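The values are calculated or read from the model by the stated rules, or taken from the named source; none is laboratory data. Remember, predicted model here, so these are calculated numbers, not experimental data. Here the Cβ positions follow ideal geometry from the backbone for every residue, glycine too, while neighbour counts run over all protein chains shown. Areas reflect the complete protein model, heavy atoms only, side chains present, ligands, DNA and RNA absent. Shrake-Rupley method; radii C 1.70, N 1.55, O 1.52, S 1.80 Å.
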Amino acid sequence: MAEFIRFDRITKFYGPLCVVENLALGIGKGEFVSLLGPSGSGKTTLLMMLAGFEQPTSGNILLDGTAINDVPTHKRDMGVVFQSYALFPHMSVGENVAFPLQMRRLGKAEIAERVARALDMVQLSAFVDRRPSQLSGGQQQRVALSRALVFEPRVVLMDEPLGALDKQLREQMQLDIRDLHRRLGVTIVFVTHDQSEALTMSDRVAVFNKGKIEQIGTPRQVYDEPATRFVAEFIGETNLVEGVVEAVQGQEATVRLRSGAHIVSAVSGSVASGQPVFLSIRPERVDLSETRGEARNCLETEVTDSVYQGDHLRVQLQNAAQPLIAKLGRRSREFPPGTKVYAAFSAGDCRVIAP
Amino acid sequence: MPMKLAKFAFASLTILFLVAPLIAILPLAFTSSVILTYPIPSWSLRWFEELFTADAWRRAIFNSLIIGTGTTLLATVLGTAASLGLRNRLLFFCGSIRTLFLLPMVVPAVVLGVGMQVLLAGFGLTNSYAGVIIAHTVVAVPFVVVSVIGALAGIDERVELAAQSLGASPATVFRRVTLPLAMPGVLSGAVLAFATSLDEVVLTLFVAGPNQRTLARQMFSSIRENISPAIAAAAFLFIVATILIGLAVVLFRSMLAKRR
Amino acid sequence: MSAVSSRTGRSLVLLAPLLLFLIGFFVWPLFSMMSQAVSDPAVLRLLPRSAEVLTDWDRKSPPTMPMQTALMEDLKAVDDDQALGDMVRRLNSARSGFRTLMSKTMSALEDTANPPADLVSIDKRWEKPEFWLAIADALSPLTDRNLLAAVDLGRNAAGDIEHLPADRSVNRVILVRTFWIAALVTFACAAIGFPYAMIAASLTGWKRDLMLAAVLLPLWTSLLVRTAAWFILLQEKGLINDLLQTLALIDAPLPLIFNRTGVIIAMTHVLLPFMVLPIYSVLITIPKNLMPAAASLGAPPWRAFLRVLLPLSLRGVASGSLLVFISAIGYYITPALIGGPGDQMISSIIAFYATGSANWGMAGALGVVLLIATLLLYSVYARLSTDEPGRR
Ligand SMILES: Nc1ncnc2c1ncn2[C@@H]1O[C@H](COP(=O)(O)OP(=O)(O)OP(=O)(O)O)[C@@H](O)[C@H]1O
Ligand SMILES: [Mg+2]
């Protein structure tokens, strides 16, 4: 995929506060990239610099190979969707969507036709003459979306566009946006702090922490192969177990836990033997049984609590001094507290992470 | 129960105290008598006729309209521009500038009048429309500033950013987004400026010559020197104008509210 | 960075016109009013040549010849007897004996038959540096005379500050009266406005709207209309006296106009909205369930009111009172039209000095007193309305 947007060693200070630090990121044409991170990690700031609302303190932003630092916002040709929708309250839905086309001085007939098409795309044709204040939150967001797409911008930027919607509507819109992206093939940079949203929608996810990118990769990569402790903990739930590397064999390492048990685990980065590390084990990859099975990794544990949560069974375990959590499918049998069980998982289901 | 009754009585009496004087003056505008007392012997429109034909009153109405219009234009333009300038919070001295803009509301009119007379005399602007308009603008401008700042504060800045990202240059953003959204505030500021000018007496006493007597000024001296029911007729006009202006402001405010 | 500075530049361009306008037509007038209060160029205007020569004088040694010649030239050129009288009065108050010295000198100078060679030949006293010192001091264009006089103080012959004699002490009476009337009006507004705002805040729907509209209608109505209305109501044959007489509550009309009663009634009416609105706006932010909560904790209603509602609403009462008081001390129109001669407030006196007797110095000095009082009170008010404890 050809690289379309490039953040080249971008740094941004607000006064003495460093919000984005020496950041490098490339985004391909037609790609859907999510910027995911906790509050205050600099996602919005990066997006605002891309849109031209803010200037980087140092570094270049390249679009299609040319630096756009000095291009004013209105000439950047990027559609922006805000969390607060930012619809023009004094214009009707149709006028809102027509606005970017008027700015580009298209003919009346063409504007009418494209507005109709854009509203049709988000199923809002019936609302052309309404004011934004007469629409529901979800409808307003769809208007904002069609307004950002109607002029076929080179990039669409979305800053937590679904943050103000309730859960059900949000999930519906996630699918709608993904669908639009597939159909139009437009490049989308999507900011969110909701990890499931990022995993659902994106081609690639960039995980932010304190103004830096901790990891960038496909949803599967960031979930299954977390590169850092932060990523492992931020995305989904995980068991973090301390240990020391005993041996490294290619893509696998043997780690000795404090309890003395040995675990064979896949390795993301590079580790050396003797190094203290963390193991990340996803709770849903853990199997429980009362007999020691075939699995390569098997820990002796005792059930301390077990909670039925509808779609899964959440079991708390204790291995020596180490608490563990397992999520079992609902077909699984119950484990009353006090039961001695074996927690088993394959080498590929856990990861060694350098601290 | 007695508590409730007492509350009711107190509220009613206070409402009476607040509103009755304004209502009591209205019928006297239609008296046929030359004295301003009840009972009214018979009804007539002679005092309205007087208002529109007697030279002093006619000129006063004319002057009030000229000066009010001039003040409204000047105050609205200056006040709106300044309020827009105050939006940029990068300026560290915004707070004190804002205070300065609002201070003319606080300073006693007589004090300002004395200073204004000394100053305008220096410029040769006493006894001129320009001088009166300038003086009125000083006291009218705070109302515009308060009103426009209020309207601007209600604009979501991201709406303007969105317009930029959709391809609008800063000038276009202003013309198509900021100004229309601030318009209700600008209009109600203009209305308040006009009302302020219409009602201003003290500064007018100091800076206006006999040729710039405004309606309010004329009412003032007529109460002082030869009170006649023409006052009641003028008051009637004022109250009608007030109600219209009040309705206009309410309308602008609700326009503003509806957009949110 | 350039985007930021161009934004700042744009803001400045937008701010500049009003800023310049207000500096020119608001700050400057106030400033020139103040400078009127402290400036007294009368002597300087009369004695321009002496002023030039006296700057070189060491203020100790006996007068030189050029000093004497300059003063003689100046005195010969005086053609304004009024100004000369003012100057002599001023010099005499600084140095007694100047009056006789001056009249002697003036008549000697008018004697064109045998013109005097120098001043010392007219009167020996011209040799003494003290007299010259008085002239040198009077030549200074700055004076605190007006400011002192505004609070009924003056300087005696020795230059010390002292009270003016009772027959010249009018301003202090007026200042006290101004503050007293303002205080009465503030009290009346608070006494009516606080319960009114409480009742309004406790109501809902059209009843509350009605009570607020009753406050807003007068607020929006022209001040003159309201004053005219009270003028008509309060007259001897006005509606109030008519009503009271018809009800046979009184047999002779009450004197309601051109006296203190009328002024207080009319000003209370005019300023009541400024009391009600701040209190009301504080009261509606107080959660409705506080009083029931206090009751549930065992407080009887009056204690709940004293301990809960009153302290919470005090800020509203304070800012309302300040607002009313500030407006009241600067009032002109209502006292001028409804009050008698004994009810004129400081604004009327300022207007009198300015337009009636063209005494700009005194008008300015009283204006400074009023301005300072107003600004002090306003800064208290501004502080009160910006830091809002327990909110934000
Ligand atoms: N205009 C500004 N001036 C000063 N500091 C700012 C400004 N905008 C943002 N910041 C600071 O920069 C940091 C990053 O802010 P940013 O809005 O980029 O975070 P974010 O990742 O979008 O967070 P969220 O998920 O809460 O939206 C925060 O600490 C914030 O306080
Ligand atoms: Mg953000």
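A few remarks follow.
- Qualifying residue in region A:81-97 (condition: within 16 Å of ligand 1 (Cβ to nearest atom), open to solvent by less than 30 Å² (accessible area, probe 1.4 Å), within 16 Å of A:E54 (Cα to Cα) and at pLDDT below 90): yes
- Test: residue in region C:263-277 that is assigned to a helix (DSSP H, G or I) and modelled with pLDDT under 90: no
- Condition check for C:L54: open to solvent by less than 80 Å² (accessible area, probe 1.4 Å), more than 7 Å from chain B (Cβ to nearest Cβ) and not polar (S, T, N, Q): yes
- Region C:282-304 residues that are assigned by TED's automatic domain parsing to the domain that holds C:S202, paired with ones that are of a type in the set (F, W, Y) (beta carbon under 8 Å, 6 or more apart): C:M291/C:F305
- Residues of region C:57-78 satisfying the condition of being touching a residue at least 60 places away in the same chain (Cβ under 8 Å) and buried (at least 20 other Cβ atoms within 10 Å of the Cβ): C:P63, C:M67, C:L71
- For A:T304, the stated conditions hold: it is at pLDDT 85 or above, open to solvent by 30 Å² or more (accessible area, probe 1.4 Å) and in the same structural domain as A:E334 (by TED's automatic domain parsing).
- Pairs, first among the β-branched types (V, I, T) in region A:7-36, second surrounded by 15 or more Cβ atoms within 10 Å (Cβ to Cβ) and part of a loop (DSSP other than H, G, I, E, B), C-beta under 6 Å, six or more apart: A:I10/A:P56; A:T11/A:T57; A:V19/A:G42; A:V19/A:G211; A:V20/A:G42; A:V20/A:G211
- Those helices (runs of 4 or more DSSP H) of region C:1-61 in which at least 3 residues are over 24 Å from the mean Cα position of the chain (by Cα) and closer than 23 Å to C:R89 by Cβ, considering only elements entirely within it, cover C:42-46, C:48-54.
- Members of region C:284-308 found to be modelled with pLDDT of 80 or more and open to solvent by less than 50 Å² (accessible area, probe 1.4 Å), listed by number: C:I286
- Scope region B:213-240; condition of a type outside the set (S, T, Y), touching a helix residue (DSSP H, G or I) at 6+ places or on another chain (Cβ under 6 Å) and more than 10 Å from chain C (Cβ to nearest Cβ); matching residues: B:R213, B:A230, B:A233
- Answer residue from region A:132-147, given it is of a type in the set (S, T, Y) and within 13 Å of chain B (Cβ to nearest Cβ) and is nearest to ligand 2 (Cβ to nearest atom) among those: A:S146
- Pairs with Cβ under 6 Å, 6+ apart, first in region B:143-156 and open to solvent by less than 30 Å² (accessible area, probe 1.4 Å), second not in a helix (DSSP H, G or I): B:L152/B:R87
- Matching option when the condition is in contact (Cβ under 8 Å) with a residue 60 or more places away in the chain and assigned by TED's automatic domain parsing to the domain that holds A:A164, among A:F82, A:F88, A:F99: A:F82
- Identity of the residue in region B:174-183, open to solvent by less than 10 Å² (accessible area, probe 1.4 Å) and more than 7 Å from chain A (Cβ to nearest Cβ), that ends up farthest from A:V71 (Cα to Cα): B:A182
- One residue alone among A:D64, A:D70 is more than 16 Å from ligand 1 (Cβ to nearest atom), more than 16 Å from B:T172 (Cβ to Cβ), touching a residue at least 24 places away in the same chain (Cβ under 8 Å) and open to solvent by 50 Å² or more (accessible area, probe 1.4 Å), and that residue is A:D64.
- In this entry, A:L313 is excluded by the filter for residues that are within 22 Å of A:L257 (Cα to Cα) and touching a Ser or Thr at 6+ places or on another chain (Cβ under 8 Å).
- Number of the exception - C:D144 against (1) open to solvent by 50 Å² or more (accessible area, probe 1.4 Å); (2) free of Cβ contacts under 8 Å to residues at least 60 places away in the same chain: (2)
- Looking across C:R99, C:R7, C:R90, one residue alone is of a type in the set (D, E, K, R) and within 14 Å of chain B (Cβ to nearest Cβ). It is C:R7.
- In region A:45-61, residue farthest from ligand 1 (Cβ to nearest atom) [restricted to those that are assigned to a loop (DSSP other than H, G, I, E, B) and not charged (D, E, K, R)]: A:G52
- If you go through region C:237-273 and keep only what is more than 17 Å from C:F179 (Cα to Cα) and at the interface with another protein chain (Cβ under 9 Å from one of its Cβ atoms), you end up with C:K237, C:G238, C:L239, C:D242, C:H269, C:L272, C:P273.
- Every residue from region B:62-99 that is at pLDDT below 90, crowded, with 16+ Cβ neighbours inside 10 Å and aliphatic (A, V, I, L, M): B:L86, B:L91, B:I97
- Selected residue (criterion: farthest from the other protein chains (Cβ to nearest Cβ)) from residues of region A:42-62 that are farther than 12 Å from A:T73 by Cβ and more than 9 Å from ligand 2 (Cβ to nearest atom): A:L62
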